[in-house]
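**Q** Quick one: this structure, given as C-alpha cells, is what I'll be asking you about.
The values are calculated or read from the model by the stated rules, or taken from the named source; none is laboratory data. A quick note: this is a predicted structure, and the numbers were derived from the prediction, not measured. Every residue, glycine as well, gets a Cβ built from its backbone with ideal geometry; the counts of neighbours run over all protein chains shown.
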Amino acid sequence: MQVFASVDAVLFDLDGTLIDSAPDLGAAADKMRIDRGLPSLPFELYRPMAGAGARGMLQVAFGISPQHADFGALREEFFANYERCMTQNTHSFDGVPALLQALEMLGLPWGVVTNKSQRFTDPLTRSMPLFANAGAIVSGDTTPHAKPHPAPLLEAAKRLGVGPQACIYVGDDERDIVAGRAAGMRTVAATYGYLGNHLDTAAWQADAQINSPLALLQLLPST
C-alpha cells in the first residue's frame, strides 16, 4: 500500500466516512411515507442512498428527483423530520474512534468537511464526543460553495493552519475526491460506508482506497 509523504493533517467527509447516519436519514424519509398512509419501506432500500442526503432519501421514498415540482416542499418536510431524530441511531463506524485517537497520538490535527448544512452538522457533532477534538468542522454552507468545489476544504486547511498540499482528504463519494484534487490535497476513497460493491470507486482516481477506517494509518509515514 502506498505511503504518503509529509502529511500534516487529515480531513474527513462526515456521513458515510466517519459516521453512519443512514438509520436516522432513512427513518426521517420513511416517516413521510407512513404519515401519508403508505407502507413502510425496508431500511436496506434507504441505506445505499444515504450519502446523497435528502435527494437520495426522497428518491427512495417517493421516486422523485430535484426536478419534481413538489421536491422543495418535500425536502423541507424531510429536513424537519431529520432534525427531530438525527441523533437517535447515528453512530461512528467501527474503528473510527481508534483511528482518531491514533491521529491525535501522532500529533496530526484532523477535521471534517461535509456538505451537510450547519443546521444539522453543529448539533450532530456537538452530541457526539467523537468530535470533541476536531480542529475544524466545515459544513456545506460555511463557504459560498459546497463540494465538489474546493473552497470548503481550503477553509478547513486554513482553520487547521496547514497548507492544502500537506493534507489528506478522506471521503466516500466521487465529489469528495474531485474536491480534494481541486484543493491540491492527496485523496483517499473510503469504500466501507454505504457503497458496498455498487460503484467502481477506482474510476474516481483517488490517490488511495481504504476498506476500513484503521487502514488509513497504513498510508501515514510515521506509523
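**Q** Determine which member of the set PRO221, PRO144 is more than 22 Å from SER21 (Cα to Cα), without any contact (Cβ under 8 Å) to a residue 12 or more places away in the chain and part of a loop (DSSP other than H, G, I, E, B).
**A** PRO144
**Q** Here is a further query. Check whether at least one residue in the range 144-167 is polar (S, T, N, Q) and within 20 Å of GLN2 (Cβ to Cβ), and report yes or no.
**A** Yes, there is a match, as at least one residue in the range 144-167 is polar (S, T, N, Q) and within 20 Å of GLN2 (Cβ to Cβ).
**Q** Name the single residue, out of those in the range 20-34 being within 12 Å of MET86 (Cα to Cα) and not small (Gly, Ala, Ser), that is surrounded by the fewest Cβ atoms within 10 Å (Cβ to Cβ).
**A** PRO23
**Q** Please verify whether the range 35-50 includes one or more residues that are touching a His at 6+ places or on another chain (Cβ under 7 Å), surrounded by fewer than 23 Cβ atoms within 10 Å (Cβ to Cβ), modelled with pLDDT under 95 and not assigned by TED's automatic domain parsing to the domain that holds PRO213.
**A** Yes, the range 35-50 has at least one match.
**Q** Another one. Restricting the search to the range 69-94, which residues are in contact (Cβ under 8 Å) with a residue 60 or more places away in the chain and either hydroxyl-bearing (Ser, Thr, Tyr) or crowded, with 17+ Cβ neighbours inside 10 Å (or both)?
**A** Answer for the range 69-94, where residues must be in contact (Cβ under 8 Å) with a residue 60 or more places away in the chain and either hydroxyl-bearing (Ser, Thr, Tyr) or crowded, with 17+ Cβ neighbours inside 10 Å (or both): MET86, THR87, THR90, SER92, PHE93.
**Q** Another question, then. Is it the case, given these coordinates, that ARG181 is among the charged types (D, E, K, R), within 25 Å of GLY107 (Cβ to Cβ) and out of contact with any Pro (no Cβ under 7 Å at 6 or more places or on another chain)?
**A** It is false that ARG181 is among the charged types (D, E, K, R), within 25 Å of GLY107 (Cβ to Cβ) and out of contact with any Pro (no Cβ under 7 Å at 6 or more places or on another chain).
**Q** Output the qualifying pairs, or none if there are none: Cβ atoms under 8 angstrom, residues six or more apart or on different chains, first residue in the range 32-50 and in contact (Cβ under 8 Å) with a residue 24 or more places away in the chain, second residue of a type in the set (D, E, K, R) and assigned to a helix (DSSP H, G or I).
**A** Final answer for the pair search is MET32/GLU77; TYR46/ASP30.
**Q** Being in contact with a strand residue (DSSP E or B) (Cβ under 7 Å, 6 or more places away or on another chain) and buried (at least 21 other Cβ atoms within 10 Å of the Cβ) is the filter here, so list the residues in the range 148-159 that pass it.
**A** PRO152, LEU153, ALA156, ALA157
**Q** Are any of the residues in the range 132-140 among the small types (Gly, Ala, Ser), touching an Asp or Glu at 6+ places or on another chain (Cβ under 8 Å) and over 20 Å from GLU104 (Cβ atoms)?
**A** Yes: the range 132-140 contains one or more residues that are among the small types (Gly, Ala, Ser), touching an Asp or Glu at 6+ places or on another chain (Cβ under 8 Å) and over 20 Å from GLU104 (Cβ atoms).
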